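Notes follow the structure.
The values are calculated or read from the model by the stated rules, or taken from the named source; none is laboratory data. Just so you know, these numbers come straight off a predicted model, no measurement behind them. Cβ coordinates were reconstructed from backbone atoms using ideal geometry, including for glycine residues, and neighbour counts include every protein chain displayed. Side chains included, ligands, DNA and RNA excluded: accessible areas come from the protein's heavy atoms. Shrake-Rupley method; radii C 1.70, N 1.55, O 1.52, S 1.80 Å.
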Amino acid sequence: MSEPRRALVTGITGQDGSYLAEFLLERGYQVYGLVRRASSQRFERIEHLRERVELVTGDLLDQASLSRALTLSRPHEIYNLAAQSFVPTSWTEPVLTAEFSGVGVTRLLECMRQVCPEARFYQASTSEMFGKVREVPQRETTPLYPRSPYGVAKAYAHHITVNYRESYGLYCCSGILFNHESPRRGREFVTRKVSLAAAAIARGRQKGLAMGNLDARRDWGYACDYVDAMWRMLQQESPEDFVIATGEMHTVREVCEIAFSTLGLDWREHVTLDPALLRPAEVDQLVGDASKAREKLGWRPRTSFRELIELMARSDYEAAGSPRT
Ligand code: NAP
Ligand code: F7E
């Protein structure tokens, strides 16, 4: 019997990392996850996988730890999902964001070049790189104009991934993913913030919800659909970059409407505006054209915006009914 394929996932404790690990395990992969040392372990999203994945300690700030992780795991595929991924934090911690989400990628690529140059590499790029958009919808060829330190760091990471592919002939792909959400989304991101609040209000545990820009629009998809696209990118004959998106824009107001009405509430009775939650620079008209992914990867989103927000609201409502720990 041939040996199983091995994958190293950085950011395995995050939203995408946990779904990708499940996806790869289902396909028979031996999955390694890079985790960083913290004063207390926070592995909630992968608790159910702990027996099935190998965790290796390491940090994108520490090159030797990355080299060790690659030597230990001998991966056929590397998925670099680790990053400081919350946009507002990138204004308060711009240098750290650049270190994690920008230069950290060069550290990992450099280790791959030295330890396992035959491996295939996926970089988690983002629609935030398009920022002040140069065309609508955005495609793989749309020029970048990032509007946050996070977007700038990710633009650097995107270009260095392309650069290592072209300079050294490594199999490196950059997936330019638009917003994708799930019940495992970090609690500070807008969809989860709203679904959690709607659930808590419906359960009588919270009174109101303070929000920022309700007119902000995004192209929101479901994280489970998107990890499938990451894997497909690394199964191609030659490495290329792909936009992954639904092609639809919706407002934060619509997120509120659907989440609250799913739980029998009227959002207008609960939501207030807090100017402190507005951003120094907003991005407008972010909407992706995923036709290249449709044609070459056979990928398409399977979950609609409404289904996504409904499933998040129901999931948080169920969880809010469980006894508090
Ligand atoms: P997430 O939930 O915020 O997860 C981020 C992961 O990175 C966590 O596992 C975190 O570990 C890890 N990490 C952070 N700094 C690290 C460091 N210095 N060394 C090692 N690990 C580190 O993010 P996500 O939503 O799953 O997104 C996955 C990736 O896709 C990110 O790179 C993000 O920027 C990118 N992306 C996301 C979206 C989206 O809409 N979700 C869209 C486009 C691109 P801890 O648990 O220890 O904090
Ligand atoms: O904000 C508006 C806010 O924080 C979405 C990350 O995964 O996707 C994510 O970045 C919109 C913004 O995500 C609140 O102004 C209004 O316009 O959920 P978010 P994001 O900034 O789009 C991209 C693709 C990534 O790559 C990132 O890693 O919602 N908004 N009121 C609010 N946002 C938050 N967080 N909180 C509010 O109260």
For Arg6, state whether it is in contact with a Ser or Thr (Cβ under 8 Å, 6 or more places away or on another chain), surrounded by 12 or more Cβ atoms within 10 Å (Cβ to Cβ) and within 23 Å of Glu181 (Cα to Cα). no
Looking only at residues that are touching a strand residue (DSSP E or B) at 6+ places or on another chain (Cβ under 7 Å) and over 18 Å from Arg306 (Cβ atoms) in region 202-215, which one is farthest from ligand 2 (Cβ to nearest atom)? Gly208
Within region 194-234, residues being without any contact (Cβ under 8 Å) to a residue 12 or more places away in the chain and not small (Gly, Ala, Ser) number 1
Could you say whether any residue in region 280-301 is closer than 17 Å to Ala313 by Cβ, among the acidic types (Asp, Glu), without any contact (Cβ under 8 Å) to a residue 40 or more places away in the chain and part of a helix (DSSP H, G or I)? no
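Conditions tested, residue by residue: (1) outside the structural domain of Ser195 (by TED's automatic domain parsing); (2) hydrophobic (A, V, I, L, M, F, W, C); (3) under 23 Å from Gly186 (Cβ atoms).
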| residue | (1), (2), (3) |
| --- | --- |
| Gln235 | yes, no, no |
| Cys256 | no, yes, yes |
| Ser261 | no, no, no |
| Gly264 | no, no, no |
| His270 | no, no, yes |
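Suppose the filter is among the basic types (Lys, Arg), away from ligand 2 (no atom under 16 Å from the Cβ), open to solvent by 20 Å² or more (accessible area, probe 1.4 Å) and not in a helix (DSSP H, G or I); does Arg165 pass it?
no
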Those residues that are outside any helix (DSSP H, G or I) and touching a Phe, Trp or Tyr at 6+ places or on another chain (Cβ under 6 Å), I need them from region 84-131; list them, please. Gln84, Arg120, Tyr122, Gly131
Evaluation of Thr71 against (1) modelled with pLDDT under 95; (2) outside any loop (DSSP other than H, G, I, E, B); (3) among the polar types (S, T, N, Q) (one fails), failing number: (1)
Could you check region 225-249 and list, in sequence order, the residues that are over 21 Å from Ile78 (Cβ atoms) and either away from ligand 2 (no atom under 15 Å from the Cβ) or open to solvent by 30 Å² or more (accessible area, probe 1.4 Å) (or both)? Thr246, Gly247, Glu248, Met249
Taking region 262-279 as the search range and keeping residues that are in a helix (DSSP H, G or I) and open to solvent by less than 70 Å² (accessible area, probe 1.4 Å), which one is farthest from ligand 2 (Cβ to nearest atom)? Thr262
Restricting to region 168-183, name every residue that is among the small types (Gly, Ala, Ser) and surrounded by fewer than 18 Cβ atoms within 10 Å (Cβ to Cβ). Gly169
Hey, among the residues in region 200-224 that are of a type in the set (D, E, K, R) and touching a Phe, Trp or Tyr at 6+ places or on another chain (Cβ under 9 Å), which one's surrounded by the fewest Cβ atoms within 10 Å (Cβ to Cβ)? Arg203
If you take the residues of region 59-88 that are free of Cβ contacts under 8 Å to residues at least 40 places away in the same chain and not charged (D, E, K, R), which of them is surrounded by the fewest Cβ atoms within 10 Å (Cβ to Cβ)? Ala64
